[in-house]
Amino acid sequence: MSEERTWVEEIEITGNELVERVKELIAEGNVRRLIIRRSDGTSILEIPLTAGVVAGGVVTVFAPLLAALGALAALMARIRVEIVRAEEPARPEESAPVEKPGEE
């Protein structure tokens, strides 16, 4: 059973950058959740993302959400975006066979 390692980062952007930045984050593939907050920290919208989101279908699947974000962004000057990322632990690499003395 593999456990994902998660970490959180937070960025502050202007309202007109919101939709484009969210598209980029979704396309990265390792983002598990986006939390849109006002500049005072109040949560406005939480967007859960699945591990299997395919970058090619992002615009189609998230079109209604992106439209809502565009309307939200028009009303706000500064927005904080909390980004929860996940990374699967690295698998141990197969080591090369060790030669024993005297073997050829």
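All of the numbers you see were taken from the coordinates with simple rules; none came from a lab. Note that this is a predicted model, so its numbers are computed, not measured. Glycine gets a Cβ as well: all are built from the backbone with ideal geometry, and neighbour counts include every protein chain shown.
Close amide-amide hydrogen proximity is noted between M76 and no other residue 5 or more places distant or on a separate chain, at a cut-off under 5 Å (H modeled in the peptide plane; Pro and chain starts excluded). Taking the inverse of the mean 1/r over every pair of distinct Cα atoms in region 12-87 gives a Kirkwood hydrodynamic radius of 12.5 Å. Karplus-derived 3J(HN,Hα) values for region 24-37, using 6.51 cos²θ - 1.76 cosθ + 1.60 with θ = phi - 60°, are 4, 5, 5, 5, 4, x, 9, 8, 9, 7, 10, 10, 8, 10 Hz; glycine and proline are entered as x. Rounded to 0.05, the FRET efficiency of the L65 and T6 pair, given R0 = 35 Å and the Cβ-Cβ distance, is 0.95. Label separation (E24 vs L45): 1.8 nm, computed from points 7 Å beyond Cα along the C-beta direction.
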